[in-house]
Every structure is written in C-alpha cells, then in structure tokens.
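Encoded as structure tokens, the structure appears first; notes follow it.
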Amino acid sequence: MASEHPRANLQPLTLHIPEPKFRPGDAVDFAEVDVPPAGEARRPDTADKASDFIDLAYTLVRVLDDDGNAVGPWDPKLSPDVMRRMLRSMALLRAFDERMFRAQRQGKTSFYMKALGEEAVAVAAAYALDYEDMCFPSYRQQGLLIARGWSLVDMMNQIYSNTADRLGGKQLPIMYSVKEAGFFSISGNLTTQYPQAVGWAMASAAKGDTRIAATWCGEGSTAEGDFHSACTFAAVYRAPVIFNVVNNQWAISSFSGFAGAEATTFAARAVGYGIAGLRVDGNDALAVYAATEWAAERARTNQGPTLIEHFTYRAEGHSTSDDPGQYRSEGEPNAWPLGDPIKRLKDHLIAIGEWDEERHAAQDKELAEQVKAAQKEAEKNGILGHGLHQPLESLFDGVFEELPWHLKEQRQQMLDEETASGRPWDRKA
Amino acid sequence: MNMIQAINSAMDIMMERDPDVIVMGEDVGYFGGVFRATAGLQAKHGKTRVFDTPITECGIIGVAVGMGAYGLRPVPEIQFADYIYPALDQLVSEAARLRYRSAGEFTSPITVRSPFGGGIFGGQTHSQSPEGLFTHMSGIKTVIPSTPYDAKGLLIAAIEDNDPTLFFEPKRIYNGPFDGYWDRPSQNWSKHPAGEVPTGYYKIELGKAKIVRAGEALTILAYGTMVHVCAAVVAEAGIDAEIVDLRTLVPLDIETIEASVKKTGRCMIVHEATRTSGFGAELSAIVQERCFYHLEAPIERVTGFDTPYPHSLEWAYFPGPVRIGEALKKIMKDA
Ligand SMILES: Cc1ncc(C[n+]2csc(CCOP(=O)(O)OP(=O)(O)O)c2C)c(N)n1
C-alpha cells in the first residue's frame, strides 16, 4: 500500500503553455530572431548523405544581403531575365491577391486568402521546378499557378463559382485544381496533400518516370498526423519529393510555438526521419530558388526527399474571415526582420543595374491593369454574389463516374422541387 | 444571449464549479475561438485550463482521452466538424470503448464541441453533418441543441456526464433561428424566447427530447437548424404538426417519439446530413418497429442529398422549405 503522503518532498510538476512574444498593443522587437548573414550557409553536394549536413536544418540559407547583393555558395546565378520574370510573377500575385481580396469585401464572392509577404515561397519554387513536376499545394500557393503563367481569368472564374468555373462551383474559392499546370486539387482538410505527394512521387519512381513531386503546408499543419506519415513513407522509399513547410509564424491565431517552434526548427523535423533538411530565408527569392533547385536535383538523382522550411511572415490576416488585430501586434508585419520579398529582389536587380524604380512602378501599374482587365473578363461569366451559375442538375456530377439509381432519384427530386418552387433559390442580385 | 454566448456561459460556469474542467483546441485560447465560443475563458481561468493546441485533431482527442483517464474533464473543440475525421480513431476505438474494455477502470469523461452543418457558404470542408457516423459507434453520446437555452443546459449536462459526448453546434443558428429562406433578413436570438438564457447554472438532462410544437396531424422529428426550418414551414402551411426536437441522438428519447407518432399516425424525419445511412434511417426503422400499426402513411425522410456539400449550389442541396413542403404534402395526401 502506498503511504499517505508518498510524494510530499517532490516539487509539483508544471505545464508549459507557449505564449507569443507580442500581443495587440505591444511594441515589437524581433531582435531575438536569429538571422545569420547571407552567404554563410554551406552548400553540400546534392549527392551527400542527409546525415552529413544536419547543421543546415538549424541555420538559414540566405543569398540576398542587406545591400541587395547576391552572395555565397547558394547564389543560383540566375540571368537578369529570369530574375525579372520572377519579380514580375511575385508582383502579379500581389496585385491579384489585392484585387480578389477586395472583390470578397464587395460581396462578389464568399471567401479569399492572400499570400502577402510570402510571395517568394511559391513563385521562386515554381521557377526552380520543371513544368512537368506535380505540385501538391496548400491554400496559400496560388503563386505556383501565377508563376506557371496560368490564366488569371480561369482562377477568378473559380473564385466567383461562375459559369466558366472549371470546378463547377463545387469548391470553396481559391481551392483550385489545374492538372494541366501540374497543380493538384486543393483540400480544405489540412496536410492531406502530404502523403498524396509522396504517393505520386513513388508512382513516378516505380514507373521509371523522371518527374518529381513537391508539396506545401504551413508550420501549424506540420502537427497533423498526415505530415508524419508522409515523412516516413518518403524516407523509407526514398521518394523523389520535396516537402515545403511555409513557416509564416502564425496559424490563424496560434503562433508557431503551438506547432513546436520553441523547441526546434521545422526543417529539423527532417533529421529524425533521415531526410535532407534545409532552413531557408523565405523572403529571399534567390534562396528559395536555390534550395528548391538543389532539392529537385537530389530527387532527380534518386537521393530521396528534402524538407525545406521557408522562414517567412504572413503579413495579412489568415483569410477574409479573420482579423489579425485580435491576436497579434499591429507592428509585426513591418518589423519582420527579413523584409519584403518583392522589395528585396527588386533591390537586387537595381543593384546590378538591371532594373530601376521607374520601370518597377510602371510594371506595378501595368499589372494592376492586367488584373483589372482579367476581373472584368471573369465577371462576364458571373459572380457568386449574383446567384447560381451552374445548372442545378450538375450538383450530382462527379460523385461517381456514373450516376447510380439513388442519385438519379435525388436529382429528379431536386428538379421537381425547382418546378414546385418557382426557383426560390435564385438569389437576388 | 445568442447560442455562442450560451455555450460560452456553460463552459465558464463549469470551469468555475469544477477545477477539473479544462478547455482546449485550435485557436480557443487568447483569441477565444474562430466562432468566439471560448472568448474570455483563458483570461478568466488561466492558461493551463484554457489553451491552444497544435493542429492535430487526432492529437487533441487522444490527449483529451489521456487527461480524462487522469481525472480531468476536458472539453476539446474541433474547429469544424469536417475536421473530426483525423480524430475518428481516437474517438471511436478509444474514447468510446475505454470504459467497456477496462471494465470501468478508466473512463473518458470528455465533451467534444464542434460547429457543424451548412448554410454559410463554407464549401465541402466547412459544412458537413457527420453525426450519423458517431451514432453508429457504440459508447459515445451525441447531443445537438437547437436554441441558446438548450445549448447551455445540454452542454452543462454533457460536461458533467462521465461518458464521452459529442456536442455538435448548428453554426447556421449561432446568431439566430433560421427559417430556411437565406434571402430574407437573418433573425436574431434577442427577439426569441429561447434567446432568454439564465446567467447561472442549470442543466437539461441528456436523452430527453422536447416537443417544440404540439399537434395532431403528424409528427416531425428534427434536430438542430432543421427544427426551425420545419417550424417555419409548418406555420406557413397551416398544418397541425407536432414538432419534436430530439436534442440528443444517443441516448434517444424513444418514449416521446413513440407517444407522438402513435398519437398523430404520421411521421416525417428531417435532417441536413446526407440521406443514405443517415440518422434518419435509424429513426425510420425505430418508428416502423414500434409504431407500424398506428401509421396511416409511409414515413417520410427529408434530408440533404448523397453528394458532398457543394459551394455555390448549397441552397439546392439544403433541405429547405420546398423539400420539406413537398414532403408534407405527400405525407398528408390522404389525410
Ligand atoms: C484538418 C483541419 N483542421 C483544422 C482546419 C482549420 N484551419 C484552417 S487553416 C488553419 C491554420 C493553418 O495554419 P498553417 O498550417 O500554419 O498555415 P497558414 O495558414 O499559416 O499558411 C486551421 C487550423 C483545417 N482546415 N483542417
């Protein structure tokens, strides 16, 4: 039998509940964020063993320094032309986000999500991958489609759930699916795409194909079980896949500490699985490009998976449904020590004499016009705010390849309802 | 109070009364939840009793089961019911069976709160009604309130209950009752009797249905948002229907159902979830097993369709006034 006070001499245990550094009203000082100098991180050979460069999971691969120079072994030495195209894609993404965000606020659609401040993550990766590679994105990588030159009108049609929406109004806005552009259908359920990307990559390898897969999730989403299943499979079968973790510091209102950031980095998740891990300045388009190119080469040469943590910052709210002022200091986006990814690439191009402020301003104007024109075009096909654009019976398309009896019955029931109702679901303009 | 405030009040009171009650979930802490259901609770009860969790539903429920085994009473939130699937194994194989398999040595006194149902343009992954999955699994209770008053009383009862309970909150009626016409101005609980919620402690026994409207012509079995849509349709059609709000699906108030159907001789079942293998199928079977010789018409089932929830076509999917009205006509045809 235990004594009456068996543990009387022991200290009581305590529970640690993480707390972000700054809350609404606090002054922000990011001095504690460790930002190593650009150019400092070593660049292993892509044939090296993952266990030989564990240090790279704990530092920050950076190329662009504070003066706009590209320095160190990770400099991908891109031609000015490619860099200008990357810059343009990032600026186009920002203009697109801005316009669609406003469209939601105007009641033209139900929902939108911006990628403000993390444009380099998706755009630079898209430039470093082959067009044929398959991307398994989360909801904040619309930059992949934009960098791949996909039609803005087509994206907007989806956002408006209109007659030209390739997804027939079935998906929440921004949950694109564009197989032609190597863009896998987005799920609203977090991180389910991770093991799927591994499966696609394994299939490609099993068939002796040369295409690889890449996938993205937020740092908050790394807590999901699917993330860990994916890592295990990828490590075991040396799948040709790139895991991208977009550490933008916040998961809705929860700071990265609730995904484990106080104890280690997200790139270091790779270490336990024996996967190559890189931690990258996610606001440095050249670093993102270089890391992706390096990981792609590893995958293509059968060295297996790489996990890249993109250290960045979500400068806007989580979505149109959220007000970041409720949980974080207003000062954070501007105090973020890694700067603005667009400005950093622009400054570099200017520093090497391949760009100037006037051209940049003119480009911004031109892109705003391009987006505006696309919006006009898309709105010709209707906007969600103006009621239904899909034929009612299409509600049943795609549940199965062929309609079984019970769905045929239900479809008929719905059409009878329409007749009975005089179309009560026709929403007013 | 609206339903969110009533739910908040229930948790607040239970945390005051019982130091073992803790609240956890994605964004529930400082921020107070994406629907604000836990607003203010962390500031009042402290960070070790109200805290954010990592984004892993299977982790949230698994951890809650462990805390429950220690002796706490966790009230985990799953941000949207659509995200309960990653937690299915912990709920179904673990929480629901712990008492049974350990001969009562360990129990899972957890109350899992989750907003469910459609009508907010949430698309496929913010609109589903998964209650039927759980009523199919033994060992877990399922509660679905339809008013702020009930929400508070039922949530308090669920938190006090020693078994694992799922508490599904019909998010379409968080702010006010809904008559099924989305293009009419939204109603507000402040102008509704069920919006009057006592600030103190009270509870509503689990397993007891409520007769929302007494009547003789037929019995309508419904829960959550659909209670209000049915009431509006019935009022408009001028039919003397008896509307039974089930309030808890497991355990089910079979006496109230049986007495009502035997009295009216007709039964209509309404839910928003998909039809096939939905809870309506169970209700229908029970009614025909127990009331067959009293029935004057076939049982009618009005449900969502057997498709995922479609974003832009959601009002065609939703079992609204037209679908319910047509079913009413059918069941009353030879009355
Ligand atoms: C399985 C699942 N659980 C919860 C949610 C609700 N949810 C949507 S986004 C989000 C936060 C994700 O944060 P993070 O992974 O860091 O990505 P970020 O939004 O920052 O890009 C949550 C909790 C969901 N969509 N799916």
Filtering the range A:349-384 down to residues that are buried (at least 17 other Cβ atoms within 10 Å of the Cβ), in a helix (DSSP H, G or I) and either modelled with pLDDT of 95 or more or more than 10 Å from chain B (Cβ to nearest Cβ) (or both) yields A:L349, A:H360, A:Q363, A:L367, A:A368, A:V371, A:A374, A:Q375, A:A378, A:E379
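Tell me the residue from A:W200, A:W250, A:W216 that is away from chain B (no Cβ under 14 Å) and within 11 Å of the ligand (Cβ to nearest atom), please.
On the way: A:W200 fails: within 11 Å of the ligand (Cβ to nearest atom); A:W250 fails: away from chain B (no Cβ under 14 Å).
Just one listed residue meets the conditions, A:W216.
Suppose we keep only residues that are acidic (D, E), exposed (fewer than 15 other Cβ atoms within 10 Å of the Cβ) and within 11 Å of chain B (Cβ to nearest Cβ) within the range A:394-417. Which one would you say is farthest from B:Q124 (Cα to Cα)? Can you show your working first?
Keep residues of the range A:394-417 that are acidic (D, E), which gives A:397, A:401-402, A:409, A:416-417.
Now narrow it down to the ones that are exposed (fewer than 15 other Cβ atoms within 10 Å of the Cβ): A:401-402, A:409, A:416.
If we keep only those that are within 11 Å of chain B (Cβ to nearest Cβ) as well, we get A:409, A:416.
On the way: A:E409: 22, A:D416: 24 Å.
Filtering first and then ranking leaves A:D416.
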Screening A:N69, A:N9 for residues that are in contact (Cβ under 8 Å) with a residue 60 or more places away in the chain and over 25 Å from the mean Cα position of the chain (by Cα) leaves only A:N69
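For B:T142, state whether it is within 14 Å of chain A (Cβ to nearest Cβ) and hydroxyl-bearing (S, T, Y). Quick ask: steps written out before the conclusion?
Numbers: within 14 Å of chain A (Cβ to nearest Cβ): no; hydroxyl-bearing (S, T, Y): yes.
Answer is no for this residue.
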If we ask which residues in the range A:290-330 are out of contact with any strand residue (DSSP E or B) (no Cβ under 6 Å at 6 or more places or on another chain), more than 16 Å from A:I212 (Cα to Cα) and not hydrophobic (A, V, I, L, M, F, W, C), their number turns out to be 17
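Are there strands (runs of 3 or more DSSP E) fully within the range B:66-182 with at least 1 residues that are without any contact (Cβ under 8 Å) to a residue 60 or more places away in the chain and either away from the ligand (no atom under 16 Å from the Cβ) or charged (D, E, K, R) (or both)? List them. Give the derivation first.
Working: elements: B:73-77, B:111-116, B:141-143, B:165-170.
Of the strands (runs of 3 or more DSSP E) lying wholly inside the range B:66-182, those with at least 1 residues that are without any contact (Cβ under 8 Å) to a residue 60 or more places away in the chain and either away from the ligand (no atom under 16 Å from the Cβ) or charged (D, E, K, R) (or both) span B:73-77, B:111-116, B:165-170.
Look at A:G182 and say whether it is in contact with a strand residue (DSSP E or B) (Cβ under 8 Å, 6 or more places away or on another chain), away from the ligand (no atom under 16 Å from the Cβ), on the phi > 0 side of the Ramachandran plot and not β-branched (V, I, T).
On the way: in contact with a strand residue (DSSP E or B) (Cβ under 8 Å, 6 or more places away or on another chain): yes; away from the ligand (no atom under 16 Å from the Cβ): yes; on the phi > 0 side of the Ramachandran plot: yes; not β-branched (V, I, T): yes.
Yes.
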Within the range B:13-59, of all residues that are part of a helix (DSSP H, G or I) and buried (at least 21 other Cβ atoms within 10 Å of the Cβ), the one farthest from the other protein chains (Cβ to nearest Cβ) is B:M14
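The rows are residues; the columns are (1) small (G, A, S); (2) in contact (Cβ under 8 Å) with a residue 40 or more places away in the chain; (3) under 17 Å from B:G117 (Cβ atoms).
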| site | (1), (2), (3) |
| --- | --- |
| B:V227 | no, yes, yes |
| B:E242 | no, no, no |
| B:D253 | no, yes, no |
| B:V261 | no, yes, no |
| B:R266 | no, yes, no |
Answer yes or no as to whether A:L172 is within 16 Å of the ligand (Cβ to nearest atom) and farther than 28 Å from A:L278 by Cβ.
yes
Single condition B:G123 does not satisfy, out of (1) at pLDDT below 95; (2) more than 25 Å from A:Q193 (Cβ to Cβ)
(2)
Any chance the range B:143-162 includes a residue that's in contact with a Ser or Thr (Cβ under 8 Å, 6 or more places away or on another chain) and closer than 20 Å to B:S277 by Cα?
yes
So if I check each of B:T274, B:T264, which one is closer than 21 Å to A:M414 by Cα, in contact with a Gly (Cβ under 9 Å, 6 or more places away or on another chain) and not aromatic (F, W, Y)?
B:T274
Run A:G257 past the list (1) assigned to a loop (DSSP other than H, G, I, E, B); (2) more than 19 Å from the chain's Cα centre (by Cα); (3) within 15 Å of the ligand (Cβ to nearest atom) and report the number of the one that doesn't hold.
(1)
Boolean, A:A164 is within 14 Å of another protein chain (Cβ to nearest Cβ), among the aliphatic types (A, V, I, L, M) and touching a residue at least 60 places away in the same chain (Cβ under 8 Å):
yes
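The values are calculated or read from the model by the stated rules, or taken from the named source; none is laboratory data. The model shown is predicted, which means the values in this text are computed figures rather than measured ones. Every residue, glycine among them, receives a Cβ derived from its backbone with ideal geometry; neighbour counts consider all protein chains shown.
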